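The values are calculated or read from the model by the stated rules, or taken from the named source; none is laboratory data. The structure presented is a predicted model; accordingly, all values stated were derived computationally and were not measured. Neighbour counts run over all protein chains shown; Cβ positions are idealised from the backbone, glycine included. Areas reflect the complete protein model, heavy atoms only, side chains present, ligands, DNA and RNA absent. Shrake-Rupley method; radii C 1.70, N 1.55, O 1.52, S 1.80 Å.
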Amino acid sequence: MAMTTSHRFWRLGRVGSLPGTARRRGLVLAGLAALALAVVGGTALVAQIEGDRGIAPLANSEDIQVNGIKVNVTGKTGAEARIAGWKQAQKEAWKKLGGPDMPLESIDAMVSSIVIEREQIGEHRYIATLGVIFDKAKAGQFVGGGGAAIRSAPLLVIPVLYSGGVRQVFEVRGPWQRAWAEFQAAQSTIDYVRPVGAGGESLILTAGQPGRRSRLWWRNVLNQFEAADVVIPVARLERQWPGGPVRGTFTARHGPDNTFLASFVLTAPSEEQVPAMLEQAVSRIDGIYRDGLERGLLRPDPTLQAAGAALDSAFEELRRKMVPQGVPTVAATPQAPPTVATEGAVSGVVETVSVQFATPNAAAVDAALAAVRGVPGVRGAATVSLAIGGTSVMRVSVAGGTERLAAALKGQGWDVSSANGTLRISR
């Protein structure tokens, strides 16, 4: 990061060589500056989710894009050299796509835009790395017509970066997150769901999230992003020495069990080449995921589905384990889900109820969600405020309203209290 220092500030800092009045002014200003830094630092500590964290992903385009075209041309002026470089990039991009031979004017008519990745403009020279985007409606008849392709279900992307001994996702604006945000995924068969990472998303999607195995926890996370499963591309950067080469180890993982798919190693000659290395790594990992989709390895985990008899029976089994054995209604609970009881619950008016519950650990979250979702008539339950070690809040849609839900939870052995339409449950 470049930093410019004012000569006026430098003269003020040398208070030992100034007269008494100027020296006192310098000390006062230095004290005010220190106080301002202390206030700003305290504010930064309090605001845990504020700041520039997120990088918004590029909008997917259906057009045909070719990146990484390098040009080095000369001209009478820098502007003429730039135009000549763009024309050369169009020809090379068309050749890279395998398009038929045609005049440059015809190729130019199919180009919708030029993406400038890097450029240097001299008096008579133009050196750049460009991307060329072709209009699919015009160029699709010549290239990229590969027919209908199988696309994946929506997959949440959690890009994990190991760098300098620190593991991160969205805690800061990292280069690995930026590489995935700038990836043009329209031509891929993988439907990537790329979070921005700003605000509360940085607290939910952390580097520790891929290590969780709770299906209920994963369902809550995926439901917030309307995704069916998760992919975890991992990058580990190792710097050999300051200013030297950077070695990157990249791993493609997926699913709530953090399943390994493949891994590879790339090396950047210097720190300036790291973004290009990460861009290449994203393309290779996308190829691994596309290959996994064709081989049937990227099918959504069935335990993450929102409905189904198998999941309902899993809730019942979990509830039997969590509810104390002395409660007389536990034995009768498994007979509650039959069709007759469900139809009776459906006949009531569906209401939305807020439920507060203590969550000393992740198991308490799972137990409370399982108990509430197992109540006949509950249409949906999801956490809206999660506080491990405190009190969390879930929003429940239930036929019959608060009274039916409270009665059912009391029957399971929960202590239930109600205030202002909000239930508070505890063991």
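Some notes on this structure:
- Taking the range 382-391 as the range and being in a strand (DSSP E or B) and more than 12 Å from Asp366 (Cα to Cα) as the test, the residues that pass are Val384, Ser385, Gly390, Thr391.
- From the options Gly292, Gly344, Gly296, residue that is more than 30 Å from Trp241 (Cβ to Cβ), in a helix (DSSP H, G or I) and at pLDDT 75 or above: Gly292
- Remark: pairs (first residue in the range 202-225, touching a residue at least 12 places away in the same chain (Cβ under 8 Å); second residue surrounded by fewer than 18 Cβ atoms within 10 Å (Cβ to Cβ) and among the basic types (Lys, Arg); Cβ separation under 6 Å; 6+ apart in sequence or on different chains) = Ala207/Arg167.
- Residue that is farthest from Phe260 (Cα to Cα) [pool: residues in the range 194-216 that are touching an Asp or Glu at 6+ places or on another chain (Cβ under 7 Å) and surrounded by 19 or more Cβ atoms within 10 Å (Cβ to Cβ)]: Ser202
- Matching entry among Arg178, Arg167, Arg125 (being touching a residue at least 40 places away in the same chain (Cβ under 8 Å), within 19 Å of Gln280 (Cβ to Cβ) and open to solvent by 70 Å² or more (accessible area, probe 1.4 Å)): Arg178
- Of all residues in the range 412-422 being at pLDDT below 85 and outside any loop (DSSP other than H, G, I, E, B), the one that is farthest from Ala364 (Cα to Cα): Ala419
- Among residues of the range 347-364 being modelled with pLDDT of 80 or more and hydrophobic (A, V, I, L, M, F, W, C), the one that is farthest from Asn420 (Cα to Cα) is Ala364.
- Answer from Ser426, Ser392, Ser417, Ser385 - the residue that is open to solvent by 30 Å² or more (accessible area, probe 1.4 Å) and touching a residue at least 12 places away in the same chain (Cβ under 8 Å): Ser426
- The condition of being modelled with pLDDT of 90 or more and either closer than 21 Å to Trp86 by Cα or touching a helix residue (DSSP H, G or I) at 6+ places or on another chain (Cβ under 7 Å) (or both) holds for only one of Ile133, Ile116, Ile121, Ile190, that being Ile121.
- Considering only residues in the range 109-118 that are free of Cβ contacts under 8 Å to residues at least 24 places away in the same chain and open to solvent by less than 80 Å² (accessible area, probe 1.4 Å), the one that is nearest to Val143 (Cα to Cα) turns out to be Ser113.
- Count - residues of the range 238-265 that are open to solvent by less than 10 Å² (accessible area, probe 1.4 Å), closer than 22 Å to Ala276 by Cα and not aromatic (Phe, Trp, Tyr): 4
- Of the strands (runs of 3 or more DSSP E) lying entirely inside the range 153-249, those carrying at least 1 residues that are under 23 Å from Gly292 (Cα atoms) are 155-157, 160-163, 229-239.
- Filtered residues of the range 93-113 (kept if farther than 25 Å from Glu272 by Cα and either touching a helix residue (DSSP H, G or I) at 6+ places or on another chain (Cβ under 6 Å) or in a helix (DSSP H, G or I) (or both)): Trp94, Lys95, Lys96, Leu97, Leu104, Glu105, Ser106, Ile107, Asp108, Ala109, Met110, Val111
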